[in-house]
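The values are calculated or read from the model by the stated rules, or taken from the named source; none is laboratory data. Bear in mind that the values here come from a model prediction, so they are computed numbers and not experimental data. No Cβ is skipped: glycine too gets one built from the backbone with ideal geometry, and neighbour counts run over all protein chains shown. Each accessible area value is taken on the protein alone, full model and side chains, heavy atoms only, with ligands, DNA and RNA left out. Shrake-Rupley method; radii C 1.70, N 1.55, O 1.52, S 1.80 Å.
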Amino acid sequence: MKIWFTAVRPFAYPASALPVILGLALVVHAGHTINWALAALTMVGVLSFHTAANLLNDCFDHHRGTDDSILPTSGAIVRGWLTEKQVYRAALVSLGLGMACGAALIPAAGWLVFALGSLGTLFTVGYTRRGRCLKYAGLGDVTIFIAFGLLPVFGTYWVQTRTLSWLPILWSLPLASLTVGILHANNWRDIPTDTANGCRTVAARLGDHGSGVYYRCLVIAPYILTSLYLAIALTANSPGLAPRTVGLVLIALPASLELTRVHRETNRATFMMLDARTAQLQLLFGVLLCLAFVAGQYW
């Protein structure tokens, strides 16, 4: 259990589970009733794709030589607990489960689900693989933004309502920004090893200083977007866009401001765990945002 827990990294699941929960919160906000069976299928499918992505990333990063150090939050292959072949096979099982969940949703939600699931599969497989891949081409941030932001929020909303709406697209952006922040914090830390092995992530392209600026933008942008949406809703008298309760997310602002002050050299210990700290921030912000939409129905 410990070995596979280390390999799968379920502590990272909020990054994919929260977009689904946000989609459901938006369904409630829009006045629809949640079909919990479809919600469960959606959640299991998204988590399966996330698991497959984690496993494939570890497998191919180790194969390329970019993942050769033991960290508290990963390293099952590096530690010698699992082989690349074992991790790869587990990834295929997880990918198959995700695809099966998507197929089960098609009768209830139509062929748009097939299109969304196909995109999710392509992103999962294409993110890290042998040969050319999205991560090594500097497209990892865009991939995560879509796969862990736009797709699950919009897909969850569509499965429940069968309605095309800008609401899940707009509100996926603040949460997706923090999710990309988790990835970027990891890549920022790994600039030396990634660059040495030909992995041209956004962080590697920006360098240390540029990565710091980019990271600060990612963790502050959610509050700017939320404030903008709320201002438009109040000005246009359109509570459907943003209930007043979305101001709850400001509770997480001090934590974001604290992370913007972290630097590689001056805060070495915190910097090495910046991805985990950003994940905690994403969890806090995401929970507050979901609660805000549900609470907006009653206040």
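Condition first: among the aliphatic types (A, V, I, L, M), in contact with a Lys or Arg (Cβ under 8 Å, 6 or more places away or on another chain) and open to solvent by 30 Å² or more (accessible area, probe 1.4 Å). Can you find one or more residues in region 134-141 that meet it?
Let us first name the residues in region 134-141 that are among the aliphatic types (A, V, I, L, M), namely 134, 137, 139.
Applying the additional criterion that residues be in contact with a Lys or Arg (Cβ under 8 Å, 6 or more places away or on another chain) yields 137.
With the extra rule that they be open to solvent by 30 Å² or more (accessible area, probe 1.4 Å), the set shrinks to 137.
Yes, that holds for at least one residue.
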Study note, to complete from the structure: Pairs returned, first residue in region 23-41 that is without any contact (Cβ under 8 Å) to a residue 24 or more places away in the chain, second residue that is crowded, with 17+ Cβ neighbours inside 10 Å and assigned to a helix (DSSP H, G or I), beta-carbon separation under 9 angstrom, 6 or more apart or interchain, are Thr33/Val27; Thr33/Gln160
Study note, to complete from the structure: Residue hits (region 251-278; of a type outside the set (Lys, Arg), modelled with pLDDT of 90 or more and over 15 Å from Ser211 (Cα atoms)) are Ile251, Ala252, Leu253, Pro254, Ala255, Ser256, Leu257, Glu258
Study note, to complete from the structure: Phe145 meets each of (1) free of Cβ contacts under 8 Å to residues at least 24 places away in the same chain; (2) open to solvent by 20 Å² or more (accessible area, probe 1.4 Å) with one exception, condition (1)
Review point. Could you count how many residues in region 229-244 are within 20 Å of Ala295 (Cα to Cα), part of a helix (DSSP H, G or I) and over 22 Å from the mean Cα position of the chain (by Cα)?
Key: 6
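Yes/no per residue for (1) in contact with a helix residue (DSSP H, G or I) (Cβ under 7 Å, 6 or more places away or on another chain); (2) under 20 Å from Val28 (Cα atoms); (3) open to solvent by 40 Å² or more (accessible area, probe 1.4 Å):
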site: Cys217; (1), (2), (3): no, no, yes
site: Ile232; (1), (2), (3): no, no, yes
site: Leu241; (1), (2), (3): yes, yes, no
site: Phe271; (1), (2), (3): yes, no, no
site: Gly286; (1), (2), (3): yes, yes, no
site: Ala292; (1), (2), (3): yes, yes, no
Point to revise | Entirely in region 105-192, the helices (runs of 4 or more DSSP H) that have 1 or more residues that are modelled with pLDDT of 95 or more, closer than 24 Å to Thr270 by Cα and polar (S, T, N, Q) | key: 167-189
Revision key, fill the gap. Of the residues in region 193-215, those that are surrounded by fewer than 13 Cβ atoms within 10 Å (Cβ to Cβ) and not in a helix (DSSP H, G or I) come to Gly198
Point to revise | Pair list, Cβ under 7 Å, 6 or more apart: region 50-69 residue over 14 Å from Ala15 (Cβ atoms), other residue acidic (Asp, Glu) and modelled with pLDDT of 85 or more | key: none
